[in-house]
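**Q** Got a structure here, written out as structure tokens. Questions coming.
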Amino acid sequence: MDRTELIAQIRGFLGNAGFSVSDPYVIRLPGFDLVARRDETLIIIKVLSNIDGLSEDVGTELRALAYLLKATPLLIGEKNGMKVLEDDVVYFRFGIQTVTASTLKNHVIEKIPVRAYAAPGGLYVNLDQKKIRRLRQEKNISLGSFAHYVRVSRRTVRMYEDGMSARIDIADRIEDMFEQSVTMPIDLLKPLIIETKKLPSYQKGQEHTKELQQEVFSLLQNIGYSIIPMDRCPFEALSKEKEKILLTCVQEYNKKLAEKAHFISSISKIIEKHAVVFTDKDVCKKNLEGTPIIGKKELKKIRDPEDVFTLILERITAE
């Protein structure tokens, strides 16, 4: 299945599962392809046929975006190199949970829990350490007997009771011994938590930043916004002031801007954060495809971050 068909399939089953899903973006960008929300669950999805195509830089930016938006980043793919990804198994690519489209569908539609994850040495599961310790004590099974039955060392058994994961074949033997499940499912939709010191931040004169972007970012910084650049997303940055986060698009006013503004408007509604386009010209239109527009000269006159937010609210519905 090609990537376009895969994206369409994912949009379809997420919609059937009750998610609101963003429109697809015609221009392919490395950052992400879809955002989807159901109640308080927000997912940011990157789709690649071969997951090796996700670079570390893109992964770092995707994790930062997910952290700031209290979202879950997911990479959906079919292969890892020449190897086909297994269904109902979680893989990892630069710290991002990676699954097949079928795995995500099973999880959100059929409510099938995902238990196994891939790591060096095979497939592993997370053990319920408290349950294992309790069952062993209730059944009066010694550490030695436990270790003998599952064919590991006493030291390894202690580590299982302290929270270490186990290979799936060993977990099967543990469950056979206790005659009940002792594994814990993996939450595919859990928001990502990272250390804030890992977040990217814009520095004046930063390399590879276009002149218009440098000027707009500097003006926003002078007003009081923190700028987190997003080089691989459909918007150029997140602008943050206290608890307010703006999806910030900076682009020259041209024919491509309408299409970009439409997509930004779509993801803004799903993410539930306001979006804004800063452009080089003073234009008559107050918004484009529902996304507010502010000219560079207009931005130069603003001195308070709250005034930017107020202007955005005024222009969302302006004709």
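**Q** Cα to Cα, under 17 Å, and not fewer than 8 places away if on the same chain: which lysines meet these conditions relative to Lys240?
**A** Lys70, Lys197, Lys198, Lys204, Lys273
**Q** Just want the ordering: Met82, Met230, Met164, from fewest to most Cβ atoms lying within 10 Å of their own Cβ.
**A** Working: Met82 7, Met230 23, Met164 14.
In order of increasing Cβ crowding within 10 Å: Met82, Met164, Met230.
**Q** Additional query: What's the exposure ranking of Phe263, Phe309, going from fewest to most Cβ atoms within 10 Å?
**A** Final ranking by Cβ density, sparse to dense: Phe309, Phe263.
**Q** Compare Gly77, Gly144, Gly18 in a GNM of the chain, Cα atoms joined below 10 Å, and give the one with the largest fluctuation.
**A** Gly144
**Q** Something else now. Nearest 0.05, what FRET efficiency do Ser218 and Lys70 give at R0 = 30 Å with Cβ-Cβ as r?
**A** 0.60
**Q** What are the aspartates and glutamates whose alpha-carbon lies under 16 Å from the alpha-carbon of Lys281, with same-chain residues fewer than 8 places away excluded?
**A** Result set, ordered by chain and number: Glu211, Glu215, Glu252, Glu298.
**Q** Using only C-alpha atoms and all pairs of different ones, pull out the Kirkwood radius for segment 3-114 in Å with one decimal.
**A** Here the Kirkwood hydrodynamic radius works out to 14.0 Å.
**Q** Taking only C-alpha pairs under 8 Å that are 6+ residues apart, what is the relative contact order of segment 1-98 in percent?
**A** RCO, segment 1-98: 22 percent.
**Q** Hey, what number do you get for the chain at 222 nm if only DSSP H runs of n ≥ 4 count, each worth -39500 (n - 2.57), divided across all residues, to the nearest 500? The partial results should precede the final answer.
**A** Numbers: 11 runs with 118 residues, N = 319.
So the calculated ellipticity at 222 nm is -11000 deg cm²/dmol.
**Q** Let me have the relative contact order for segment 217-279, percent, based on Cα pairs under 8 Å that are six or more residues apart. Write down the numbers at each step before the final one.
**A** Working: 85 pairs, mean separation 16.9, N = 63.
For segment 217-279, the relative contact order is 27 percent.
**Q** So how far apart, in nm, are the two label points at Val84 and Asp128 if each is 7 Å from Cα heading toward Cβ?
**A** Here the answer is 3.3 nm between the modelled labels.
**Q** Most fluctuating residue of Leu257, Leu42, Leu135 in a GNM of the chain with Cα springs under 10 Å: which is it?
**A** Residue with maximal mean-square fluctuation among Leu257, Leu42, Leu135: Leu135.
**Q** Under 10 Å, Cα contacts only: if you run a Gaussian network model on the chain, which one of Ile96, Ile223, Ile141 comes out with the highest mean-square fluctuation?
**A** Residue with maximal mean-square fluctuation among Ile96, Ile223, Ile141: Ile141.
**Q** Between segment 57-106 and segment 9-40, how far is it from one alpha carbon centroid to the other, in angstrom?
**A** Value for the Cα centre distance between the two parts: 14 Å.
**Q** Go ahead and run the numbers for FRET between Arg155 and Gln9, Cβ-Cβ distance against an R0 of 45 Å, rounding to 0.05. Each step should come with its number before you reach the end.
**A** Numbers: r = 46 Å, r/R0 = 1.03.
That pair, Arg155 with Gln9, gives E of 0.45.
**Q** Largest first and in whole Å, give the semi-axes of segment 124-184's equivalent ellipsoid, each being the square root of 5 times a Cα gyration tensor eigenvalue.
**A** In descending order the semi-axes read 14, 13, 11 Å.
**Q** If you don't mind, there's one more thing I want to ask. Would you please give the residues with an amide H less than 5 Å from that of Ile186, counting only those at least 5 places away or on a separate chain, with H modeled from the backbone geometry?
**A** Counting only residues 5 or more places away or on other chains, the set is Val114, Arg115.
**Q** Helix 211-223 versus the longest principal axis of the chain: what angle, 0 to 90°, nearest 10, using Cα atoms?
**A** Once rounded, one gets 80 degrees.
**Q** Restricting the count to DSSP beta bridges whose residues both fall in segment 216-319, what percent are antiparallel, rounded to a multiple of 5?
**A** 60
**Q** Over the chain, what is the relative contact order in whole percent, taking alpha-carbon pairs under 8 Å and six or more residues apart? Please report the intermediate quantities before stating the final value.
**A** On the way: 544 pairs, mean separation 43.9, N = 319.
Value for the chain: 14 percent.
**Q** Against the longest alpha carbon principal axis of the chain, how many degrees, from 0 to 90 and to the nearest 10, is the axis of helix 129-138 turned?
**A** Between the helix axis and the principal axis of the chain, the angle is about 20 degrees.
**Q** Shifting gears a bit: Between Val283 and Met1, how high is the FRET efficiency from 1/(1 + (r/R0)^6) when r is the Cβ-Cβ distance and R₀ = 51 Å? Nearest 0.05.
**A** In this case the efficiency is close to 0.80.
**Q** Taking just the C-alpha trace of segment 200-316, give me its Rg and Dmax in Å.
**A** 12.7, 34
**Q** Give, in nm to one decimal, the length gained when the segment between Leu313 and Leu143 is fully stretched (0.36 nm per residue of separation minus the Cα-Cα distance).
**A** Stretched fully, the Leu313-Leu143 segment lengthens by 54.8 nm.
**Q** Sticking with this structure for a sec: With each label point set 7 Å from Cα along the Cα-Cβ vector, what nm distance links Lys244 and Glu179?
**A** The modelled label-to-label distance comes out at 6.3 nm.
**Q** Enter the angle in degrees (range 0 to 90, nearest 10) between the Cα long axis of helix 168-178 and the first principal axis of the Cα atoms of the chain, meaning the one along which they spread out most.
**A** 50
**Q** Also, I was wondering about something else. In square nanometres and to one decimal, what's the mean projected area of the convex hull around the Cα atoms of the chain? Write out the running numbers ahead of the final one.
**A** On the way: hull surface 76.8 nm².
Directional mean of the projected Cα hull area for the chain stands at 19.2 nm².
Read the figures in this text as sums done on the coordinates, not as results from a lab. These numbers come from a predicted model, not from an experiment. Don't worry about glycine lacking a Cβ; one is built from the backbone with ideal geometry, like all the others, and counts go over all protein chains shown.
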